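Colleague: Before I ask anything, let me first share the structure, which is written out below as structure tokens.
The values are calculated or read from the model by the stated rules, or taken from the named source; none is laboratory data. Note that this is a predicted model, so its numbers are computed, not measured. Cβ sites come from the backbone with ideal geometry, for glycine too, and all protein chains shown count toward neighbours. With ligands, DNA and RNA removed, areas are computed over all heavy atoms of the protein, side chains included. Shrake-Rupley method; radii C 1.70, N 1.55, O 1.52, S 1.80 Å.
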Amino acid sequence: MWLFIAIYAAIAALVGIDQWIKLWAIENLQGQPSRSFLPIGDFDWMHLTYTENTGAAFSMLSGSRWFLILFPLVMIVVCGIMLHRLHKEHRWMIAALPLVIAGGIGNLIDRIFRGGAVVDYLDLQLFDFAIFNFADCCVSVGVVLVIICVLFVEKDEPTAKKLPLAQRLPFARQAPPLPEAELLPEAPVLPDAEQEEGNG
């Protein structure tokens with residue numbers, strides 16, 4: 001119980017941070033030219049550039065508002081069910097899936113209450129890349145964690161740890177213990193073949 005209270009609190013905190021940054025971006029970046037963000041010396045690696053994205057990642061499916069509301073909603077529910085059912089066997093889900101859920105909720109709020117447009121503001125200057133936001137970062141990090149854990153963590157776990165079948169099969173607990181094997185009576189000693197021939 002306490003574990004899921006902490007998980008829900010973390011999801012709520014991440015969603016709150018996402019919405020707070022977006023409100024700040026609307027007030028301070030909307031209608032303003034792009035500005036440098038956290039430069040490293042003379043290295044200008046990131047800008048703050050306000051934009052509203054009516055599509056999915058990289059502006060795909062632009063204008064498909066209801067699909068972009070229903071599909072993330074279904075994925076959020078699926079991630080929540082997986083988290084509840086599988087978190088004991090797969091501990092990495094406790095870190096990965098809440099990030100995906102929080103990012104999905106953050107962008108879903110935009111699509112529902114901001115006319116179907118998601119507020120983006122992080123403009124990477126290292127190469128030509130789509131402008132994104134904090135919620136996108138949460139989803140991306142969560143998905144990468146899922147991929148890493150599926151490919152490496154799950155693969156390296158011992159088979160006995162991943163499949164504790166002996167504890168799950170119902171007859172493994174109900175079957176009575178086998179009785180100890182009883183000693184068989186000793187076989188009679190047969191006469192030697194030579195004695196048999198001599199007697200014949």
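Colleague: Check HIS90 against each of (1) touching a residue at least 24 places away in the same chain (Cβ under 8 Å); (2) within 30 Å of PHE37 (Cα to Cα) and name the one condition it does not meet.
Modeller: Checking HIS90 against (1) touching a residue at least 24 places away in the same chain (Cβ under 8 Å); (2) within 30 Å of PHE37 (Cα to Cα), the one that fails is (2).
Colleague: Right, another one. Residue check: is LEU3 open to solvent by 60 Å² or more (accessible area, probe 1.4 Å), at pLDDT below 95 and in a helix (DSSP H, G or I)? Write out each step before concluding.
Modeller: Numbers: open to solvent by 60 Å² or more (accessible area, probe 1.4 Å): yes; at pLDDT below 95: yes; in a helix (DSSP H, G or I): yes.
Yes.
Colleague: Could you go through the range 87-100 and let me know if any residue there is touching a Phe, Trp or Tyr at 6+ places or on another chain (Cβ under 6 Å) and among the acidic types (Asp, Glu). Reasoning before the result, please.
Modeller: So the first thing to find is which residues in the range 87-100 are touching a Phe, Trp or Tyr at 6+ places or on another chain (Cβ under 6 Å), and the list is none.
Within the range 87-100, none of the residues are touching a Phe, Trp or Tyr at 6+ places or on another chain (Cβ under 6 Å) and among the acidic types (Asp, Glu).
Colleague: What pairs come up if the first residue lies in the range 1-26 and is closer than 15 Å to HIS84 by Cα, the second is at pLDDT 95 or above, and their beta carbons are under 8 Å apart, counting only those six or more places apart or on different chains?
Modeller: ILE7/PRO98; ILE11/PRO98; ILE11/ILE101; ILE11/ALA102; ILE11/ILE105
Colleague: Moving on to the next point. Take the conditions surrounded by 13 or more Cβ atoms within 10 Å (Cβ to Cβ), in contact with a Cys (Cβ under 8 Å, 6 or more places away or on another chain) and not aliphatic (A, V, I, L, M) and apply them to ASP18. Does it pass?
Modeller: yes
Colleague: Any residue that is at pLDDT 95 or above and either closer than 22 Å to ALA6 by Cα or part of a helix (DSSP H, G or I) (or both) - is there at least one of those in the range 48-69?
Modeller: Checking the range 48-69: not a single residue is at pLDDT 95 or above and either closer than 22 Å to ALA6 by Cα or part of a helix (DSSP H, G or I) (or both).
Colleague: A further question on this structure: Filtering the range 21-31 down to residues that are surrounded by 13 or more Cβ atoms within 10 Å (Cβ to Cβ) and either among the hydroxyl-bearing types (Ser, Thr, Tyr) or touching a strand residue (DSSP E or B) at 6+ places or on another chain (Cβ under 7 Å) (or both), which residue is farthest from VAL119 (Cα to Cα)?
Modeller: Going through the qualifying residues, I end up with LEU29.
Colleague: Specify which of the listed residues (TRP66, TRP45) is of a type in the set (Phe, Trp, Tyr), without any contact (Cβ under 8 Å) to a residue 24 or more places away in the chain and either open to solvent by 60 Å² or more (accessible area, probe 1.4 Å) or under 16 Å from GLY142 (Cβ atoms) (or both). Explain how you work it out, then say what you get.
Modeller: Working: TRP45 fails: without any contact (Cβ under 8 Å) to a residue 24 or more places away in the chain.
The unique qualifying residue is TRP66.
Colleague: If you scan the range 96-143, which residues turn out to be open to solvent by 60 Å² or more (accessible area, probe 1.4 Å) and assigned to a helix (DSSP H, G or I)?
Modeller: Within the range 96-143, ILE112, PHE113, SER140, VAL141, VAL143 meet the criteria.
Colleague: Here's a check for you: in the range 111-138, which residue that is at pLDDT below 95 and of a type in the set (Val, Ile, Thr) is nearest to ILE21 (Cα to Cα)?
Modeller: Residue satisfying both the conditions and the ranking: VAL118.
Colleague: State whether one or more residues within the range 32-39 are at pLDDT 90 or above and open to solvent by less than 40 Å² (accessible area, probe 1.4 Å). Step through it out loud before you land on a result.
Modeller: First pass over the range 32-39, keeping only residues at pLDDT 90 or above: 32-37.
Then drop every residue that is not open to solvent by less than 40 Å² (accessible area, probe 1.4 Å), which leaves none.
No; the residues of the range 32-39 include none that is at pLDDT 90 or above and open to solvent by less than 40 Å² (accessible area, probe 1.4 Å).
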